[in-house]
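Beneath this line is the structure, given in C-alpha cells, with notes to follow.
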Amino acid sequence: MLGTSSTQTLAMTTFAAPLVHDELESVVSTLCGRFPDRSRIEVEAVVAEVYAELAARATVTAHLIPLTLNRSRRLLSFDHKERSAK
C-alpha cells in the first residue's frame with residue numbers, strides 16, 4: 001500500500017517506467033535533505049510539476065531527471081530566499 005507522500009510522485013509517473021518513479025523519489029529525498037524546512041508533500045508537488053512540464057515538452061528524455069532536480073532545487077531555493085526576506 002502506498003503512503004500519501006508517494007501517491008503524488010506515482011501519479012506523475014503512471015505511464016513512465018518504474019525506474020523513473022524510483023529516480024523521482026530519489027530527487028524528492030535529495031531535496032528534502034537540502035530543504036529540511038519544507039514538507040515532503042510540498043517538495044513532491046514541486047518535483048511533480050517540474051517533471052510534468054519538462055516531460056510534456058521534451059523531445060529527448062535522457063536528461064529529464066537531472067533537469068528536474070536542478071529546476072526544482074532552484075524553485076525551492078528561490079522561494080526559500082523569498083520567505084527569509086519577509
Exercise for the section: Report yes if A55 is open to solvent by less than 30 Å² (accessible area, probe 1.4 Å) and not basic (K, R), otherwise no. Expected result: no
Problem - Boolean, R74 is open to solvent by 80 Å² or more (accessible area, probe 1.4 Å), assigned to a helix (DSSP H, G or I) and modelled with pLDDT under 75 - result: no
Handout entry: Close pairs from the stretch 25-48: first more than 12 Å from L75 (Cα to Cα), partner in a helix (DSSP H, G or I) and open to solvent by 60 Å² or more (accessible area, probe 1.4 Å), Cβ under 6 Å, at least 6 apart
Key = C32/R40; E44/Q8; A48/Q8
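Results for (1) surrounded by 12 or more Cβ atoms within 10 Å (Cβ to Cβ); (2) part of a loop (DSSP other than H, G, I, E, B); (3) modelled with pLDDT of 95 or more, shown as yes or no for each residue.
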{"position": "S5", "(1), (2), (3)": "yes, no, no"}
{"position": "H21", "(1), (2), (3)": "yes, no, no"}
{"position": "E42", "(1), (2), (3)": "yes, no, yes"}
{"position": "T59", "(1), (2), (3)": "no, yes, no"}
{"position": "N70", "(1), (2), (3)": "yes, no, yes"}
{"position": "E82", "(1), (2), (3)": "no, no, no"}
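The values are calculated or read from the model by the stated rules, or taken from the named source; none is laboratory data. Note that the structure is predicted; figures quoted are calculated from it, not measured. We place every Cβ from the backbone using ideal geometry, glycine too, and count neighbours over all the protein chains shown. Heads up: the accessible areas ignore ligands, DNA and RNA and are worked out on the full protein's heavy atoms, side chains in. Shrake-Rupley method; radii C 1.70, N 1.55, O 1.52, S 1.80 Å.
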